[in-house]
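Everything below concerns the one structure shown next.
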Amino acid sequence: MLPFTMELLSALFPYAYLCAMVDENVMGLVDKGQMLPLMEEFYTIQGEGYHKGTAAYFIRVGGCDVGCHWCDVKESWNAETHPPTGIDSIIENAAKYSDTIVVTGGEPLTWDMGPLTAGLKQRNLQTHIETSGAYPLTGIWDWICLSPKKNKLPVGDIHKAAHELKVIVYNKHDLIFAEEQAAKVSENCVLYLQPEWSVREKVVPLIVDYVMKHPKWKVSLQTHKYLNIP
Ligand code: SF4
């Protein structure tokens, strides 16, 4: 039997061989963080947490296996449905719109954020991330918003690096989870409880009552949803 070499493959199936090579090359660049599965990018107002109300350019990267049942961006989960995009063009676009760049997902730490954030910093842009912390922290960040999830807990030392802890409250037990997570962050980390949108009417009174009794916490609302902007 003939050995199944790349040379033989290319002779028999030149087009398929080329596609496989391109795929392999693209996957290599995604692995290195030189390309990212880009779901969408847009200029808007940060609606949540510490920087709410501030104009920022959002880069939404596809890929997440955390699996929150209430997730409002489930279409981000499958990275394969989002085109691998060179970080140079992402950085170029971002720099046109804002000094503040928010990288979100999906779970952006699924990917190596080093090259993207190095490029953004070269342009003197402020780099913010919204992450569950489910994967090791990569990248250079001016602001880390850690939003931990019970079903895939943060890894490594990200609690200590977080500037903001934002716990989504879907039910009463999430307040216990919030305290467990707050025990791990640094003293200066700003603490937020945010109602999960679909149950907001039920949990807002719980959160309001809790924050008044435990004023180290603040309320975060998804103001962009009230403003009807992305
Ligand atoms: S971590 Fe974020 S993107 Fe991933 S499932 Fe949960 S809410 Fe959705």
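Restricting region 205-230 to residues that are among the basic types (Lys, Arg) and closer than 24 Å to residue 186 by Cα, the residue that is surrounded by the most Cβ atoms within 10 Å (Cβ to Cβ) is 218.
Inside region 45-89, residues that are farther than 17 Å from residue 194 by Cα, more than 11 Å from the ligand (Cβ to nearest atom), part of a loop (DSSP other than H, G, I, E, B) and touching a residue at least 40 places away in the same chain (Cβ under 8 Å) make up a count of 3. Looking only at region 101-131, residues that are of a type outside the set (Asp, Glu), open to solvent by 10 Å² or more (accessible area, probe 1.4 Å) and touching a Cys at 6+ places or on another chain (Cβ under 8 Å) come to 3 in all.
Being more than 16 Å from the ligand (Cβ to nearest atom), without any contact (Cβ under 8 Å) to a residue 12 or more places away in the chain and assigned to a helix (DSSP H, G or I) is true for just one of 25, 93. Which residue is that? Among 25, 93, only 25 is more than 16 Å from the ligand (Cβ to nearest atom), without any contact (Cβ under 8 Å) to a residue 12 or more places away in the chain and assigned to a helix (DSSP H, G or I). Every listed requirement among (1) away from the ligand (no atom under 16 Å from the Cβ); (2) in a helix (DSSP H, G or I) is met by residue 42 save one, (2). The listed residues are 62, 49, and the only one of them that is of a type in the set (Gly, Ala, Ser), touching a helix residue (DSSP H, G or I) at 6+ places or on another chain (Cβ under 6 Å) and at pLDDT 70 or above turns out to be 62.
Residue 166 falls short on exactly one of the conditions (1) of a type outside the set (Gly, Ala, Ser); (2) in contact with a Phe, Trp or Tyr (Cβ under 6 Å, 6 or more places away or on another chain); (3) closer than 29 Å to residue 25 by Cα; (4) within 16 Å of the ligand (Cβ to nearest atom), and that condition is (3).
The values are calculated or read from the model by the stated rules, or taken from the named source; none is laboratory data. All of these numbers come straight from a predicted model, not from anything done at the bench. Methodologically, a virtual Cβ is constructed for each residue, glycine included, from the backbone with ideal geometry; neighbour enumeration extends over all protein chains shown. Heavy atoms of the whole protein, side chains included, go into the accessibility calculation; ligands, DNA and RNA do not. Shrake-Rupley method; radii C 1.70, N 1.55, O 1.52, S 1.80 Å.
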